[in-house]
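Heads up: the structure comes next, in C-alpha cells.
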Amino acid sequence: MEENLWTKDFIITSFVNFLLTIMNFLFMVTMANFSVETYGVKVSTAGLSASIFVLGCLFGRVLVGKLIGRFGIFRVLNAGLLGAVMFSLSYFFVKGVETLLLTRIFHGFMLGLASTALSTICVQIVPSSRKGEGISYYGLSNVLGAAIGPFLGMMFIDLNNGFRWLFTTNVVTVIVCLIIIHLARIQLPPANQPDHEKEAKVFNISDYIDKQRFQSLC
C-alpha cells in the first residue's frame, strides 16, 4: 500500500515555505526602489540593499546544521521566524542606508535559518518510498512563491504609502507563519529526531573544510 504523502504536516510545511518565499522575492524586487526613493543612493548601493539579503541567507544556511544539532530543529525554526519578525519591524525605524544594509543582512540570516529548517523538516516527514516526489512538490512552493512575490511587490509600489504597506504585510505574514507552526505541532518520525545533547560546538571550521585536501595541494 502506497504511503500517504499529503499529510497535514507536509501541507503546512510547504505552505509556510510558500509564504516565506513570497516575502523574500517581494522584498528582492522592491528594496532597490525603496533605497533610491528614501535615501537617494546610487544605483549600485540600491542594488546592494536588495542583494545583501542573499548573503545573510547564505550565512544562515551554513550555520543551520550545527544549530539544529545543538538546539533542535523546532527551536531553530522558531528562532528564525521570531528573528524575521523583529528585523521586519526594523524597516519602519531605519534612518539611513547603512542601517538598512545591516537590517537586510540580519533579516536574510534569520530567514535562511527558518527556510532551511523547514526544508529539513520536509525531508524527514516525507515517506521514504515517495521522497523524490515529495521533495519535488515541496520545491513547487519555492517556484510559486518566486513567481507571485515580484508581482505583489510591483503592486505595492504603485499604492500610496506602498512601502509601508509592504513592510506591514511582511510582518503580518511572518507572524502568521509563526502561529501556524506553533498550532500545527508537527511531529517528526522518532528515528529522525536528533540527539542534540551531544553537540558541543556550534561552529567548527573542520566541519566545512577538509584540511587534508588543502595539505595535499601544498
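With every protein chain left in place and a probe of 1.4 Å, what is the accessible surface of LEU183, to the nearest 10 Å²?
We get 120 Å² for LEU183.
What are the semi-axes of the equivalent ellipsoid of region 1-154, taken as the square roots of 5 times the eigenvalues of the Cα gyration tensor, listed largest first and rounded to whole Å?
32, 17, 11
Quick one: grab the alpha carbon gyration tensor of region 58-98, order the square roots of its eigenvalues as a ≥ b ≥ c, and give me rounded if a/c is under 1.5, else prolate or oblate depending on whether a/b is larger than b/c.
Judged from the Cα gyration tensor, region 58-98 comes out oblate (a/c at least 1.5, b/c at or above a/b).
Quote to one decimal, in nm, the extra length available between LYS95 and THR169 on full extension: 0.36 nm per residue of separation minus the C-alpha distance between them.
24.6 nm
I need to check one value: relative contact order of the chain, counting alpha carbon pairs closer than 8 Å and at least 6 residues apart, in percent.
35 percent
Within 10 Å of each candidate Cβ there may be at most 11 other Cβ atoms; applying that plus a DSSP loop requirement, which chymotrypsin sites (Phe, Trp or Tyr not before Pro) in region 38-133 survive?
none
Determine the relative contact order of region 1-105: mean sequence separation of Cα pairs under 8 Å and six or more apart, normalised by residue count, in whole percent.
That works out to 27 percent.
Could you compute the FRET efficiency for ALA79 and VAL36, with r as their C-beta to C-beta distance and R0 at 41 Å, rounded to 0.05?
Given R0 = 41 Å and the Cβ-Cβ separation, E is 0.80.
Measure off 7 Å from each Cα along the Cα-to-Cβ vector at VAL143 and PHE59, then give the distance between these two points in nanometres to one decimal.
It works out to 3.3 nm between the two label points.
The values are calculated or read from the model by the stated rules, or taken from the named source; none is laboratory data. Please read all numbers here as calculations on a predicted model, not as lab measurements. Here the Cβ is made from the backbone with ideal geometry for all residues, glycine too, and neighbour counts use every protein chain on show. With ligands, DNA and RNA removed, areas are computed over all heavy atoms of the protein, side chains included. Shrake-Rupley method; radii C 1.70, N 1.55, O 1.52, S 1.80 Å.
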